[in-house]
Structure formats: structure tokens, C-alpha cells
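Read-outs: derived from the displayed coordinates by stated rules, not from any lab. None of the values given here were measured: they were computed from a predicted structure. As a convention, Cβ positions derive from the backbone with ideal geometry for all residues, glycine included, and neighbour counts pool all protein chains shown.
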Amino acid sequence: MNFFEHQDRARQNTQQLIGLFSLSIAVMIMAIYIATLFMFGMAPRVWWHPGIFLYVAGITIVAIAVGSLYKIACLRQGGSVIAQELGGRLLLLDTADEQGRILLNIVEEMAIASGISVPKVYLLERETGINAFAAGFTPNDAVIGVTRGTLEHLSRDELQGVIGHEFSHILNGDMRLNLRLVGLLHGILFIYLTGELLWRIRGSFRLEKEDKGLPIWAFGLALMAIGSIGLLCGHLIKAAVSRQREFLADASAVQFTRNPNGLTGVFQKLQKMDSRLISPGAEAASHMFFGNALNASF
């Protein structure tokens, strides 16, 4: 296998999927534009009005950007906060048990192999499933979280494969990409929440004196539907982007460890063992985990 070719293919596929994300936003703008024409009572007489289209596109993009930037700002505190929200505790060499010391040694080995600084390590003590994650915006604020079940059920070679996998996410900027996707999803959620607010008004106020316009509450209902479709597309594309970055991380892990059998053993165990988390914060960070952190779903 040509691992470098595998890495390049994964990066290219990720760029295509992010392009599809942008396309879904464009479709949302067109749908809101059509709903606006009905609200003003212009449809079906008029289907194209450049002024209204530019106004709708500008407002929609600004709304998504504001919602996204707000969410990203909330995540600026770094990977340590995310690890703590998941119930992790900082693992230190002088207070760690034997399994913890092995984990810290492997993290140091992978830091040397990947050429980046040693990140902080958090142990999710209450989690019995096999799972791990990397979080942060840059290698300097990155952390690696590992469940207790990972330490108990994996051999050293298998654990090394998992840690190498997470180091790939740090080295290739996957953490930053994942957080941006979270922010973009929150921006689309803002469209849905705006529609919900208008729908709750449930008034019959119309923007024209003539009884031809769409009621405000009906326009809000349309925004809710458009926002829901956007969220669904966003979740599907986020899952697809995550899958592509997982392929890249697998290839990089083998590159770091020079031992493909380690990851193979982990995958075989994941087919038989649980990887789900009990922490309520797992939902927001589910796309960052090595294995499926949530219950099986569509």
C-alpha cells in the first residue's frame, strides 16, 4: 500500500465534501429566497428579483456566519476544556498507575515519531468502552483523551496504533477542521431557531396591505423546514468528512508506528466490544472519536 497516496486521496475527498457543504448552503439561500417571494406576494407572478435575492443571500450568510463565529468563540478555550467536559482528568507521570504510565510513554514515542510537541493526556476514568479522541485548535493547545476501557482491553501495540491515529489528527489539522464544522452547523441551527421564533408569533400580519402575502408565522415554518434540511445535510457531510479524515489518520498511524497489525487488532476488537460513551458531552464531540461514541443511528 502507498500510504502517501492514501493520504493525498483522503485530503482531496475532504475538500470535495466541504464543497458540497457550501453547495447545501447555496440551496438553503435559494429556498429562503423563494419563501420570501411568497411572503411578499410576488410568487408565482415573479420568480427572479435580483434585489431581493441579494438581500436574502446577504442576510442568510451573515446569520450563518454570526452563529458560527459565536460557537467557535465558545470553543476557543482549547482541548483541555473539551476533555474536562467529557469527564477526563489530567494524567501525570508521578500519579499515574501502571496502565497510565504505559499510555504516557506511548504518547511521548508518537510525539517523537510525528515531530510535534507532547500533548496533555486526559483519562476518561468512567468510560469502559474502547475509544479515544484529540481536541484543540493547534498542536500547542491539543490534548489526547483515552478511555479507561482502551487501557484495559488493548495491548501495547494496539494502544500505540490508536495513539498514532490521534496524533495524525493533530498533525494534519483535523481538530481545527472538526471544530469549524461544529461552528458551521451551529450557524445553520441559527436559521432554524429564527424560523422557530417567527412561527411562535403565530400572527396573521402581512407585509402588504393586499391579502396576497405569506403570514409571518408561515414564513417562520418555512425557515424551520429549510433549517432542518440544512442541518441534516450538515450532519451527513460532517460524518462523511470525519470518515475521510479517519482514513487519513489510519494511514498516518501506520506510518508513525511501522506496525499495521496494531490497528488491525483494534478494529477486530471493536467489532466485538463497545465503544460508546456515557458522558452527556459525547454528542457534541462525537465526530472527534476513534470509534462510534453514540448509540447506533441512521
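If I stretch the segment between Glu108 and Leu236 completely, what's the gain in nm (0.36 nm per residue apart, minus their alpha carbon distance), one decimal? List each step's numbers first, then the result.
On the way: separation 128, 0.36 × 128 = 46.08 nm, distance 3.50 nm.
Here the segment from Glu108 to Leu236 would lengthen by 42.6 nm.
Just need the relative contact order of the chain here, percent rounded to a whole number, with Cα pairs under 8 Å and 6+ apart.
Averaging sequence separation for qualifying contacts and normalising by length gives 26 percent for the chain.
Kindly express, to the nearest 10 degrees and within the range 0 to 90, the angle between helix 260-270's C-alpha long axis and the longest C-alpha principal axis of the chain.
For 260-270 against the chain, the angle is about 60 degrees.
So which residue, out of Asp141, Asp94, Asp274, gets the largest mean-square fluctuation from a GNM of the chain using Cα contacts under 10 Å as springs?
Asp94
Taking 0.36 nm per residue of separation and subtracting the Cα-Cα distance, what length does fully extending Gln84 through Ile34 add?
Working: separation 50, 0.36 × 50 = 18.00 nm, distance 4.46 nm.
Gain in length upon complete extension: 13.5 nm.
Can you give the extra length, in nm with one decimal, that the chain gains between Ala43 and Asp157 once fully stretched, where that is 0.36 nm per residue apart less the Cα-Cα distance?
On the way: separation 114, 0.36 × 114 = 41.04 nm, distance 6.44 nm.
34.6 nm is the gain from fully extending Ala43 to Asp157.
Run the quick spin-label model on Ser117 and Asn261: label points 7 Å from Cα toward the beta carbon, then report their separation in nm to one decimal.
A separation of 3.6 nm, rounded to one decimal place.
Quick one: Karplus J couplings for segment 155-170, per residue in order, coefficients 6.51, -1.76, 1.60, θ = phi - 60°, nearest Hz, x for Gly and Pro?
6, 4, 5, 5, 5, 4, x, 5, 5, x, 4, 5, 5, 4, 4, 5
Hey, what does the equivalent ellipsoid look like for segment 92-158, semi-axes from the Cα gyration tensor as sqrt of 5 times each eigenvalue, largest first, whole Å?
On the way: eigenvalues 73, 37, 27 Å².
In descending order, the three semi-axes are 19, 14, 12 Å.
What angle, in degrees between 0 and 90 and rounded to the nearest 10, separates the Cα long axis of helix 3-39 from the longest principal axis of the Cα atoms of the chain?
Roughly 20 degrees between the two axes.
Over the chain, with a Gaussian network built from C-alpha contacts below 10 Å, which listed residue (Pro119, Pro50, Pro139) shows the highest mean-square fluctuation?
Comparing Pro119, Pro50, Pro139 in a Gaussian network model of the chain, the most mobile one is Pro50.
Which value, in debye to the nearest 20, describes the size of the charge dipole of the chain about its Cα centre when Lys and Arg Cβ atoms bear +1, Asp and Glu Cβ atoms bear -1, and nothing else is charged?
Values: 25 positive and 24 negative charges, 202 e Å.
The calculation lands at about 980 debye.
Normalise the Cα radius of gyration of the chain by 2.2 N^0.38 Å (N = residues in it) and let me know the number. All intermediate terms of the calculation are to be shown ahead of the outcome.
Values: Rg = 23.0 Å, N = 298, 2.2 N^0.38 = 19.2 Å.
Relative to the rule-of-thumb radius for its length, the chain sits at 1.20.
Kindly provide the trypsin sites (Lys or Arg not before Pro) of segment 98-206 that DSSP labels as loop, not H, G, I, E or B, and whose Cβ sees at most 12 other Cβ atoms within 10 Å. Spell out each step's value before the answer.
Working: sites: Arg101, Lys120, Arg126, Arg148, Arg156, Arg176, Arg180, Arg200, Arg202, Arg206; in loops: Arg126, Arg202, Arg206.
When the trypsin sites (Lys or Arg not before Pro) of segment 98-206 are filtered for loop state and at most 12 Cβ neighbours within 10 Å, Arg202 remain.
Can you pull the one-decimal nm distance between simple spin-label points at Asn292 and Leu54, each 7 Å off the Cα toward Cβ?
It is 4.9 nm.
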